[in-house]
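There's a structure below that I have some questions on.
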Amino acid sequence: MPGRSPSELPAALSRALSAPRPDLCGLTLERPRIMGILNLTPDSFSDGGRHNGLDQALERASIMAREADILDIGGESTRPGAAEVDTDEEIRRTAPVIRALRQAGIRLPVSIDTRKARVAEAALDAGADIINDVTALRFDPAMARLAAERGVPVVLMHSIATPETMQRHAQYDNVVTAVRDHLYARVEAALAAGLRAEQLILDPGIGFGKTTAHDLLLLRQLAAFHDFGLPLLLGASRKKFIGALTGTETPAERVSGSVAVALQGAAAGAQILRVHDTKETRQALQIWQAIAGTSPQNTL
Ligand code: HH2
């Protein structure tokens, strides 16, 4: 507001912007955390089919456990155009891997990337800690109940329609306002269903029912989501807009572009960065944090 000094911000807004976010499964969110993606699907847009066997999945999980702070495990692709996967099949793809990685002594927090309550429940029973729902509890009415009962952290991501149809609905007067309003309503719905505010993490849903122009605006104005007073997650890794802007058709070749977006997300204060390329993102963040003076090793 013109002429206002920061100290004149309304008290509630000032608190929401500056209060430390609660720890996430024992991780402080004072610096950006890396969420490594492990897709146990045959058809994910960038790593589909690569980690399907239990051994391959465990091998990738144990590498990522050294490079990431959180592992995000999914058994259903939600890329534009993807078809729904049968619930039992999605459980078969995810729960045994989570159980096996716990048995192998991999301890970092695990999130289950699903819109279905039965899949989330099986994952939590197998040792997962966080629910990552790209429909923000809209798809399965039982999901909010489960999340309230278990009291685990939940990612509420903005999306519209279904993965099969969402790109047809990519129309907004103002995408930032539309995503904010939608997330506001989803937070209200979550609280009404008995979840606590401390459980919630917000995500603008890059690429979900959005054009490249929408994605860029959301990234440019990411800080506009901090006044919810909740942690922010950014998932832009290898996504289509990076290919569109750089002419890189193959998602696995979008690593440098993905790292650039992750750094921009960190600079805008995103607390969690969901990425495929954990090693490269980690190195970039280490340097960024050292320069920004927020590195854990930085005692200068
Ligand atoms: N993006 C994808 C899947 N899950 N979850 C959150 N919270 N945020 C995201 O941006 C997000 C997500 C899509 O990416 P990916 O998992 O790599 O591909 P696919 O859906 O094809 O498995």
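The values are calculated or read from the model by the stated rules, or taken from the named source; none is laboratory data. All values derive from a computational prediction rather than experimental measurement. Cβ atoms come from the backbone with ideal geometry, glycine included; neighbour counts cover every protein chain shown. Accessible surface is based on the protein model in full, side chains and every heavy atom, while ligands, DNA and RNA are left aside. Shrake-Rupley method; radii C 1.70, N 1.55, O 1.52, S 1.80 Å.
Ignoring everything but the protein chains, give the 1.4 Å probe accessible area of Tyr184 in square angstrom, nearest 10.
130
Taking the Cβ of Thr294 as the center, what net charge do the other residues with Cβ under 11 Å away carry, scoring Lys and Arg +1 and Asp and Glu -1?
0
Can you list residues from other chains, or at least 5 along the same chain, whose modelled amide H is less than 5 Å from the amide H of Val110?
Leu71, Asp129, Ile130
Okay, next question. Could you run the Karplus curve 6.51 cos²θ - 1.76 cosθ + 1.60 with θ = phi - 60° over the range 103-111 and give me ³J(HN,Hα) per residue in whole Hz, x for Gly and Pro?
Couplings: 4, 7, x, 7, 10, 5, x, 10, 10 Hz.
Remind me, relative contact order of the range 97-242 in percent, using alpha carbon pairs under 8 angstrom and six or more residues apart? Present the calculation step by step, with values, prior to reporting the outcome.
Details: 220 pairs, mean separation 29.3, N = 146.
Relative contact order of the range 97-242: 20 percent.
Roughly how many percent of the accessible protein surface of the range 32-292 is carbon and sulfur, given a 1.4 Å probe and a whole-percent answer? Let's see the in-between values first.
Values: 5130 of 10500 Å².
Carbon plus sulfur share of accessible area: 49 percent.
Can I ask one more? Through the Karplus equation 6.51 cos²θ - 1.76 cosθ + 1.60, θ set to phi - 60°, convert the phi angles of the range 175-186 into ³J(HN,Hα) values in whole Hz; use x for Gly and Pro.
Each residue's phi maps through the Karplus curve to give 5, 5, 5, 5, 5, 4, 4, 4, 5, 4, 5, 5 Hz.
What does the accessible area of Thr246 come to, in Å² to the nearest 10, when a probe of 1.4 Å is used?
So the heavy atoms of Thr246 present about 90 Å² to solvent.
In whole angstrom, how far apart do the alpha carbon centroids of the range 22-58 and the range 151-170 sit?
About 18 Å separates the Cα centre of the range 22-58 from the one of the range 151-170.
Something else about it: With a 1.4 Å probe and all protein chains kept in place, how do Arg115, Arg66, Arg102 rank by accessible area, largest first?
Working: Arg115 10, Arg66 165, Arg102 60 Å².
Descending accessible area places them as Arg66, Arg102, Arg115.
Report the extension gain between Glu89 and Arg102 in nm, rounded to one decimal, defined as 0.36 nm multiplied by the number of residues separating them, less their alpha carbon distance. Kindly include the intermediate steps, with their values, before the conclusion.
Details: separation 13, 0.36 × 13 = 4.68 nm, distance 2.08 nm.
Length gained, Glu89 through Arg102: 2.6 nm.
Another question about this same structure. Under 8 Å for C-alpha pairs, at least 6 residues apart: give me the relative contact order for the range 1-159, rounded to a whole percent.
Working: 244 pairs, mean separation 26.3, N = 159.
Worked out over the range 1-159, it gives 17 percent.
Report, ordered by chain and residue number, the aspartates and glutamates lying within cross-link reach of Lys116, taken as a straight Cα distance under 14 Å and ignoring same-chain residues fewer than 8 apart.
Those aspartates and glutamates meeting the cut-off are Glu76, Glu84, Asp86, Asp88, Glu89, Glu90, Asp133, Asp140.
Using a/c under 1.5 as the rounded threshold, could you call the chain rounded, prolate or oblate? The axes a ≥ b ≥ c are square roots of the C-alpha gyration tensor eigenvalues, and prolate needs a/b larger than b/c, oblate otherwise.
Details: a/c = 1.29, a/b = 1.23, b/c = 1.05.
Rounded, since a/c falls under 1.5.
Taking θ = phi - 60°, what integer Hz values does the Karplus form 6.51 cos²θ - 1.76 cosθ + 1.60 yield along the range 219-229, in sequence order, with x for Gly and Pro?
Running phi through 6.51 cos²θ - 1.76 cosθ + 1.60 with θ = phi - 60° gives 5, 5, 10, 4, 5, 5, 9, 6, 6, 5, x Hz.
Quick check for me: using +1 on Lys/Arg Cβ and -1 on Asp/Glu Cβ, what's the dipole size of the range 32-292 about its Cα centre, in debye to the nearest 20? Could the numbers behind the result be given before it?
Details: 29 positive and 32 negative charges, 77 e Å.
The dipole of the range 32-292 has a size of about 360 debye.
Please compute the contact order of the range 32-292 in relative form: average sequence separation of alpha-carbon pairs under 8 Å and at least six residues apart, divided by the residue count, as a percent.
On the way: 501 pairs, mean separation 49.2, N = 261.
Value for the range 32-292: 19 percent.
Given H placed 1.01 Å from N in the peptide plane, which residues other than close sequence neighbours of Arg274 have an amide H under 5 Å from its amide H?
For Arg274, the qualifying residues are Met35, Leu234, Gly235, Ala236.
With n ≥ 4 as the cut-off for DSSP H runs, can you work out [θ] at 222 nm for the chain, using -39500 (n - 2.57) per run divided by the number of residues, rounded to the nearest 500? Mind dumping the intermediate values first?
Details: 10 runs with 121 residues, N = 300.
Taken over the chain, the calculation gives -12500 deg cm²/dmol.
Next question. Using only the Cα atoms of the range 111-189, construct the convex hull and provide its projected area averaged over every direction, in square nanometres to one decimal. Mind dumping the intermediate values first?
Details: hull surface 21.2 nm².
For the range 111-189, the mean projected area of the Cα convex hull comes to 5.3 nm².
Run the dipole for the range 69-221 about the Cα centre, Lys and Arg Cβ at +1, Asp and Glu Cβ at -1, nothing else charged, and hand back the magnitude in debye, nearest 20.
Values: 18 positive and 22 negative charges, 29 e Å.
About 140 debye.
Could you tell me the distance between the Cα centroids of the range 80-106 and the range 224-262, to the nearest Å?
What the calculation gives is 24 Å, centre to centre.
Determine the percent antiparallel among the DSSP beta bridges restricted to the range 32-292, to the nearest 5.
Numbers: 0 of 26 bridges.
Counting DSSP beta bridges with both partners in the range 32-292, the antiparallel share is about 0 percent.
A follow-up question, please. Given a 1.4 Å probe, how much area per residue of the range 32-292 is accessible, in Å²? Each step should come with its number before you reach the end.
Values: 10500 Å² over 261 residues.
Accessible area per residue: 40 Å².
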